[in-house]
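Participant: One structure follows; several queries about it will come next.
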């Protein structure tokens, strides 16, 4: 696949991991704003990396122009998908003035898929690229739902819980992303779903979760990336095998 | 389901529908896909002594370390007062500390990142839910790199687990002090506690529900269906284990363990494998009676 990268308000770690994943899986990056490319990219997939300040018209125009030229748009990493630490500053610090005008890139443009993580691991991006390349709809489902407007989805209310994992649509409906960007602390922290396996703790890039049978979140370290929620074996259903 | 159908259509039909050359000892719809089922125990008496039943898990993992099949094992060791704690073990002799069941939550997966960073290939022992977590991380490695280096997953049969405080409450209700406990076991439908003075205290498994971890109520996996190899005591004669081998790599490892006289085996006919199927089926149906079955997703646009 021909790949384009648009890097906005970002630290660059996601784009770097994407470059690594592309190198490993044999996909070619044909257009990258980090290499000074401008205009409309001629690519199959566009990865957007980072958040956007909505007072910055130049960036918004650039975002519109780039996304309109490419068929498949993916938010890469938590800043692009949910806002990540760009919105909720690390350490529960009072936000700077500019934080009130910063939103995830996915708020300003239609995205088809989102990859959670801060940054998403090279393996995670490679797994996504493989699923996309093979058009594996079932494997792509979580990325698709994570990118969507979950508020517009309606849960299947009469359906009882019939298994240890819930369908990805139903679980995402439990998370209030406006309060907690992409992660659902009820699922992670409360007893209802937690089996105490420790996956959230081992997946957390900020080492913000310690295990005392159940996870204990150290809010001072949390960067609101949602990796814990996405990694939790109980957060959404995955296909077996 | 297939099992119920079989009962309905009678035994003649059963042999006819068994397409792949004869009856399989366990129904894959209840216990997951597998290659072989064996009854095994550790040849080393010291391991059997330390282990819960046949010491198969400990012996198999020690063999995997010895043979260089894996460089490290993530397992739960017992701390003071029966509180388990996950640990990365590289010395086969140290594995003996991790032998035996602990009836409390040990977040084994929480050490996986550390283990993968330090070692080329890693084995992990865990409850069915922990094995599911590892499989999910392999498919969606959001925050965990190098999950391909998980060379072996050993799943332990599990009906439910207890938070440590609830285990203490359960023992208190049985009039047992945790420091006096010599051994805990779930066997033949009973939770059995053996104290240091040689006394045996029992509670029927059915009464354990209110002490167990809430999330266990809607788990449907008894035999760790996604593991490379699953181990348990249900259905095995005393002092033996049921071993469900599910993948080719696990099969090779088990074979080499048997050839090297680390594990002894017995014909599965000598056990009661129907029990494994029964408990698997129980776990798949009990979710319908759990309070989780009435849980509904929260949605901002739909009133509660």
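Participant: In which sequence would B:162, A:229 go, from the one with the fewest C-beta neighbours within 10 Å to the one with the most?
Facilitator: B:162, A:229
Participant: Can I ask one more? Need the full-extension length gain, residue A:221 to residue A:24, defined as separation in residues times 0.36 nm minus the C-alpha distance. One decimal, nm.
Facilitator: Gain in length upon complete extension: 67.7 nm.
Participant: Additional query: Would you mind getting me the FRET efficiency between residue B:172 and residue A:69? Use the beta-carbon distance for r and R0 = 60 Å, nearest 0.05.
Facilitator: For R0 = 60 Å, the calculated efficiency reads 0.35.
Participant: Select from B:139, B:284, B:78 the residue whose mean-square fluctuation is largest in a Gaussian network model of chain B (Cα-Cα springs shorter than 10 Å).
Facilitator: B:139
Participant: Shifting gears a bit: On the first, second and third principal axes, largest extent first, how far apart are the outermost C-alpha atoms of region A:2-147 in Å?
Facilitator: Principal extents (largest minus smallest coordinate, Cα): 44, 32, 24 Å.
Participant: Listing B:212, A:68 from the residue with the fewest other Cβ atoms within 10 Å to the one with the most, what is the order? Let's see the in-between values first.
Facilitator: Working: B:212 18, A:68 12.
Final ranking by Cβ density, sparse to dense: A:68, B:212.
Participant: What spacing in nm lies between the two simple spin-label points modelled at residue A:1 and residue B:43, each 7 Å away from Cα in the Cβ direction?
Facilitator: Reported label-point gap for residue A:1 and residue B:43 is 5.2 nm.
Participant: Just to confirm my numbers, what's the Cα centroid distance between region B:103-120 and region B:61-86 in Å?
Facilitator: About 10 Å separates the Cα centre of region B:103-120 from the one of region B:61-86.
Participant: In units of 2.2 N^0.38 Å, what is the alpha-carbon radius of gyration of chain B?
Facilitator: Relative to the rule-of-thumb radius for its length, chain B sits at 1.02.
Participant: OK, next. Test of understanding: ordering B:142, A:113 by Cβ neighbours within 10 Å, fewest first, what list do you get?
Facilitator: So the residues, fewest neighbours to most, are A:113, B:142.
Participant: Here is a further query. What distance in nm separates the simple spin-label points at residue B:264 and residue B:97, each placed 7 Å from Cα in the Cβ direction?
Facilitator: Modelled inter-label distance: 3.0 nm.
Participant: Can I ask one more? Roughly what would the spin-label model give for residue A:42 and residue B:256, points 7 Å off Cα along C-beta, in nm?
Facilitator: Taking the simple label geometry, residue A:42 and residue B:256 are separated by 5.3 nm.
Rule-based calculations on the coordinates, nothing more; no lab input. Bear in mind that the values here come from a model prediction, so they are computed numbers and not experimental data. All Cβ positions, glycine included, derive from the backbone under ideal geometry; neighbour counts span all protein chains shown.
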